[in-house]
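The structure appears below as structure tokens.
The values are calculated or read from the model by the stated rules, or taken from the named source; none is laboratory data. Computed from a predicted structure; not experimentally measured. Backbone-built Cβ (ideal geometry, glycine too); neighbour counts: all protein chains shown.
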Amino acid sequence: MQKNSKYFTIPLIIFLFMNGINFGQEKRKYPKIEKWKPQKNVQTYVEDNLFDYINGASELYLSYNFEQLDVVYYRNRRKQEITVEIYTHASPLFAFGIYSQERSPDAKYLTLGSESYIDGSYLFILAGKHYLKLFSYDLGAEAESILTEIGQVIVEFLDTENSLPKELRIFPEKNRVPYSVQFIARNMLGYSFFSQGFQADYKIGDQKFRIFFIKSESIKATNDLFDQYITQIHHKPRIPGSNEYKIVDPYHGQGIIRKSKQYLYGGFGSAEINKILDEMSKNIGK
């Protein structure tokens, strides 16, 4: 005799609730790493409760299509402890975005994952769609070697393709400030109609300046953004057929803005901008 499934529905829901299982949440069993053992109380956070762990910073993470955070505590027999935070985002691009918001250009960079650096007792790793933070106050002079060892194993455990977003190739390497490229998920340049974009810092001699680009889904969308921007900053109406303007942005000062194909790009802060934009134009055309 076939049992009616309704008798099992409520107990199943209660079981999932009591065991803290969220639909859409990936349950990971993290590996033991030599003398370091993961504790059973792995804490997992999703969109609804991320605030409970990182408080005011949660809004920034959510803006980068955050999906899940696992907090794993590794301990050894000496009762030393390492905290490992694994932030998972919807794609490698969004993971790079939040990582790029927090990284320190002056830190010591390593070769783990897509990109990584260590800063005192903290190790930060970008690995595919994951952003890892490892830290401990118990390791002293061994902090770098131990955190690096743990980080390498977890990167391998996550089994992701480790490469930086292909969009970064648009920025010329010459004169670019190392580790300055950022992906902005919302309100690029402070304007709500610029939903997403990239920016990087450059330096030529004593001249410092910022370059940016935004890619739209179509040439028409790029044209519309171009018109909307120059209208917003009270520039003279666009001349039909013109693809470049010298502008004065109320927030960023003097600059240049161009458009090409699906790209809107430009920069602020130096007379050397044109040299960089010319190189970007070549990269866009590739």
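In the set SER121, SER116, SER91, only one residue is among the polar types (S, T, N, Q) and buried (at least 23 other Cβ atoms within 10 Å of the Cβ); that residue is SER116. Annotation for segment 244-260: at least one member residue is surrounded by fewer than 20 Cβ atoms within 10 Å (Cβ to Cβ), touching a residue at least 24 places away in the same chain (Cβ under 8 Å) and within 25 Å of the chain's Cα centre (by Cα). Residues that are farther than 14 Å from LEU93 by Cβ and outside any loop (DSSP other than H, G, I, E, B): does segment 168-175 have at least one? No, there is no match, as no residue in segment 168-175 is farther than 14 Å from LEU93 by Cβ and outside any loop (DSSP other than H, G, I, E, B).
Residues being closer than 14 Å to GLU85 by Cβ and without any contact (Cβ under 8 Å) to a residue 60 or more places away in the chain are entirely absent from segment 104-112. For segment 109-121, the tally of residues that are out of contact with any helix residue (DSSP H, G or I) (no Cβ under 8 Å at 6 or more places or on another chain) and assigned to a strand (DSSP E or B) stands at 3. Applying the criterion of at least 2 residues that are more than 23 Å from SER163 (Cβ to Cβ) and β-branched (Val, Ile, Thr) to the strands (runs of 3 or more DSSP E) found wholly in segment 23-99 leaves 66-75, 81-89. Scanning segment 35-47 for residues that are more than 16 Å from VAL84 (Cα to Cα) and free of Cβ contacts under 8 Å to residues at least 24 places away in the same chain yields one hit, GLU47.
Checking SER145, SER58, SER63 one by one, the residue that is free of Cβ contacts under 8 Å to residues at least 24 places away in the same chain, surrounded by fewer than 20 Cβ atoms within 10 Å (Cβ to Cβ) and either within 13 Å of the chain's Cα centre (by Cα) or within 26 Å of ASN41 (Cβ to Cβ) (or both) is SER58 and no other. Only residues that are part of a loop (DSSP other than H, G, I, E, B) and either among the hydrophobic types (A, V, I, L, M, F, W, C) or not assigned by TED's automatic domain parsing to the domain that holds TYR191 (or both) were counted in segment 223-235, giving 1. Here is the figure for segment 129-167: residues that are at positive phi and not in a loop (DSSP other than H, G, I, E, B) total 1.
For segment 177-222, a residue qualifies if it is among the acidic types (Asp, Glu) and either assigned to a strand (DSSP E or B) or free of Cβ contacts under 8 Å to residues at least 24 places away in the same chain (or both), and the qualifying residues are ASP201, ASP206.
Residues in segment 149-169 that are surrounded by 18 or more Cβ atoms within 10 Å (Cβ to Cβ) and among the acidic types (Asp, Glu): there are none. For ILE86, indicate whether it is farther than 22 Å from SER195 by Cα, buried (at least 23 other Cβ atoms within 10 Å of the Cβ), over 17 Å from the mean Cα position of the chain (by Cα) and modelled with pLDDT of 95 or more. So ILE86 fails the test.
If the condition is being surrounded by fewer than 15 Cβ atoms within 10 Å (Cβ to Cβ), within 23 Å of ASP278 (Cα to Cα) and touching a Lys or Arg at 6+ places or on another chain (Cβ under 8 Å), then segment 170-195 contributes only VAL177.
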